[in-house]
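As structure tokens, the structure follows; a few thoughts come after it.
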């Protein structure tokens with residue numbers, strides 16, 4: 001059933017959003033470095049690699065500059081129009097093509113580059129590859145402010161590898177083990193709420209069994225969310 005909804009949702013969304021997407025593609029072509037899409041290899045279901053599509057928001061060679069595939073707040077590699085696209089999540093809309101093709105689902109663990117996937121604990125890796133990666137999901141909602149977390153830390157790479165990814169892995173594993181049609185649709189609603197409100201607290205109220213965040217993230221993910 002989820003796959004049927006993926007096809008219907010992505011197909012209708014691509015048609016409905018075409019008045020936004022087509023002009024945006026034109027502006028991307030004539031600004032920045034002239035690139036419209038940024039295709040990047042990501043780890044998918046059953047460990048299969050696929051090309052994930054985003055609107056181009058960073059320098060072409062950004063994976064080989066500074067923090068590589070990890071993006072921080074106010075990253076100097078972000079193009080002038082890229083900041084707005086990333087903040088509003090509009091840069092993610094080309095992934096509707098990935099969903100329609102079957103590379104992804106509307107909801108699931110966020111697809112990672114191989115470097116970032118390897119930062120997950122092995123147990124989480126084994127869970128994550130059992131489902132299609134998603135446009136949104138538990139990890140995406142809880143870590144909506146991930147770039148801010150990285151920017152506020154003196155050693156962002158260590159924070160990412162030793163704190164963020166192990167906890168995110170627990171969240172994604174939780175989703176895989178609690179995957180259901182109900183959670184699929186509820187997470188779509190919660191994603192819309194988070195985009196509009198910029199607050200992640202509701203997801204912890206809806207899912208009291210979610211793994212608690214480590215102390216190093218309490219500044220950004222308040223323990224009050226569990227009350």
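Tell me which residues, restricted to the range 8-21, are under 14 Å from residue 97 (Cβ atoms) and exposed (fewer than 14 other Cβ atoms within 10 Å of the Cβ).
If the condition is that a residue be under 14 Å from residue 97 (Cβ atoms) and exposed (fewer than 14 other Cβ atoms within 10 Å of the Cβ), then 11, 12, 15, 18 are the ones that fit.
Would you mind telling me which numbered condition in (1) at pLDDT below 85; (2) in contact with a helix residue (DSSP H, G or I) (Cβ under 6 Å, 6 or more places away or on another chain); (3) surrounded by fewer than 16 Cβ atoms within 10 Å (Cβ to Cβ) residue 214 fails?
(1)
Residue by residue through the range 160-181, note down the ones that are within 15 Å of the chain's Cα centre (by Cα) and in contact (Cβ under 8 Å) with a residue 60 or more places away in the chain.
Scanning the range 160-181 gives 160, 172, 175.
Name the helices (runs of 4 or more DSSP H) wholly within the range 87-147 that hold at least 2 residues that are touching a residue at least 40 places away in the same chain (Cβ under 8 Å) and buried (at least 21 other Cβ atoms within 10 Å of the Cβ)? Quick ask: steps written out before the conclusion?
Numbers: elements: 95-101, 114-117, 122-128, 138-142.
In the range 87-147, 95-101, 122-128, 138-142 are the helices (runs of 4 or more DSSP H) which contain 2 or more residues that are touching a residue at least 40 places away in the same chain (Cβ under 8 Å) and buried (at least 21 other Cβ atoms within 10 Å of the Cβ).
Search the range 11-22 for residues that are under 17 Å from residue 55 (Cβ atoms) and pair each with any residue that is surrounded by 11 or more Cβ atoms within 10 Å (Cβ to Cβ) when their beta-carbon atoms are under 6 Å apart and the residues are at least 6 apart or on different chains.
Cβ pairs passing all conditions: 13/96; 14/96.
The values are calculated or read from the model by the stated rules, or taken from the named source; none is laboratory data. Remember, predicted model here, so these are calculated numbers, not experimental data. Glycine also receives a Cβ, built like all others from the backbone with ideal geometry; neighbour counts cover every protein chain displayed.
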